[in-house]
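**Q** One structure, as structure tokens, below. Some questions next.
Read-outs throughout are calculated quantities, based only on the coordinates presented, and are distinct from any laboratory measurement. Just so we're clear, the structure is a prediction, and the values are computed from it rather than from any experiment. Using ideal geometry, Cβ is built from the backbone for each residue, glycine included, and neighbour counts are taken over all protein chains shown.
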Ligand code: CTP
């Protein structure tokens, strides 16, 4: 059985395991082993390749009432590997398109080799298996010890190592992966691949492979621009090799600048994710508009009316729709979170700007209005900062109502095929949400209780600003109540439901 790395489990799982081990007088390692090899596992072997990551955060494990994870029917060896590999595949990384895939990483000898340590970490925390190969020159820059420790795998270096050849062999190394990544790809190694040389382990594997090859070049700008290197790049491209970078900037050598810097680890991770993304894309060819975050309605140059919306739910929905293949325009108010990479972001401040941006993005097949649009704005924004005026209280603020963007879409001549609104309520959630469904002419309303004492979230801080949500989906035909989930899970489930509904609509006779 694969090894169990308890220290890499998340805190909640670790605590649950600790309590259970203490109760049974066993070590945590022993307890985990027993959990994973529970007897009721054999008759129902399932493959974990596509098992949901939630498996590792199963409520039984989280609540402390641990029952054998294997009782869910998963193969024990694979489950142990997954637990070991889970490391910190936290919610943030769950659903990485290349999770579970195998990357053979060839590290060649360049100063940028140090970035590979981070690259390995980032890939592993996203559930990618990394098998490292180092050229002799790479040993001059980083040690096999650190590479092997981060990859949790043996580092292969020598073509003529008898032990390695008996163990795996260079042909198996070349074939047992989904993608080969060469980072940094030096001028020398690229020249070798372009000319079919095979005089060390790295070049031999690269010649023997039938898998796609991704090169992340790194070299001095003069070497990059040299006609010989450029010739080799053309050859490699026509042979089907893929490239990420290099980027322009300062070189490690002092005083040198230009094109030749290896791409940053996260850029490489993203390209790997895209290349290995084999998930179905039911929303391919569909266009979606998503609004997210709060709006800020200025009072004077330094003050504004706003609300507590963080944008987490809206951004997660935009990302989940894009993951299913939709072209997504995310219209976002001011937020402190990163925009998903795979969407077109339109940043706005006010409700009126949001309305203009949404209407400019029409026509669309799907619109999900998640933004907590400020209902009112100040009449006549002051040009200068408003002063206290000799200790007198604030002058009263005159407000006017903002345009209702969702309602506007509901009545629009280019109304999206599927129009979804949110209802943020603190009381009578269903009643208010149903009224919004009718009034705004939406197809669905996703209703959530945003009161601070809703009991939602690990520290029960409520939905707004938190990472969890419990929603009800109201349609003209009924109400569906979902359990408390993370916002990412809500987003994925909603995106799938949107895809299913559009498919049913398009195939209905
Ligand atoms: N919405 C909108 N434009 C507005 C106000 C709300 O597009 N000016 C959208 C929100 O994005 C959400 C839905 O309408 O999809 C409901 O928003 P919510 O704030 O819950 O309700 P309001 O319409 O603002 O009504 P109330 O404040 O009375 O609850």
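**Q** Which values, in whole Å and largest first, are the semi-axes of the equivalent ellipsoid of the range 102-275 obtained as the square root of 5 times each eigenvalue of the Cα gyration tensor?
**A** 23, 18, 15
**Q** Within the range 204-226, name every residue whose backbone N is under 16 Å away from a label modeled 7 Å from Cα of residue 252 along the Cβ vector.
**A** What the label zone holds, given the 16 Å backbone N cut-off, is 216-224.
**Q** Taking 7 Å along the Cα-to-C-beta vector as the label spot, tell me the residue 352-residue 197 distance in nanometres, rounded to one decimal.
**A** The two pseudo-label positions are separated by 6.7 nm.
**Q** On to the next question. Can you give me the Cα centroid spacing of the range 462-501 and the range 304-324 in angstrom?
**A** About 13 Å separates the Cα centre of the range 462-501 from the one of the range 304-324.
**Q** Between residue 33 and residue 506, with labels modelled 7 Å along Cα→Cβ, what's the label distance in nm to one decimal, could you check?
**A** Placing both labels 7 Å beyond Cα along the Cβ direction yields 5.2 nm.
**Q** If you don't mind, there's one more thing I want to ask. If I stretch the segment between residue 360 and residue 228 completely, what's the gain in nm (0.36 nm per residue apart, minus their alpha carbon distance), one decimal?
**A** 42.7 nm
**Q** If packing is taken as the mean number of other Cβ atoms within 10 Å per residue, what is the order of 420-432, 367-379, highest first?
**A** Numbers: 420-432: 18.1, 367-379: 22.2.
Most protected by this proxy first, the peptides run 367-379, 420-432.
**Q** Roughly how many whole Å is it from the C-alpha centroid of the range 96-128 to that of the range 223-246?
**A** Cα centroid to Cα centroid, the span is 22 Å.
**Q** Then there's this: How would you rank 272, 111, going from fewest to most other Cβ atoms within 10 Å of each one's own Cβ?
**A** 111, 272
**Q** Give, in nm to one decimal, the length gained when the segment between residue 376 and residue 158 is fully stretched (0.36 nm per residue of separation minus the Cα-Cα distance).
**A** Difference between extended and current length: 71.6 nm.
**Q** Related question: With r as the distance between the Cβ atoms of residue 407 and residue 384 and R0 = 35 Å, compute the FRET efficiency 1/(1 + (r/R0)^6) and round to 0.05.
**A** 0.50
**Q** For residue 300 and residue 414 in the same chain, what is the full-extension length gain: residue separation times 0.36 nm, less their Cα-Cα distance, in nm?
**A** 37.5 nm
**Q** Hey, can you rank 184-197, 306-319 by average C-beta count inside 10 Å, highest first?
**A** Result, highest mean Cβ count within 10 Å first: 306-319, 184-197.
**Q** Follow-up question, since we're still on this one. Using a Förster distance of 30 angstrom, determine the FRET efficiency expected from the C-beta separation of residue 345 and residue 392, and round it to 0.05.
**A** 0.10
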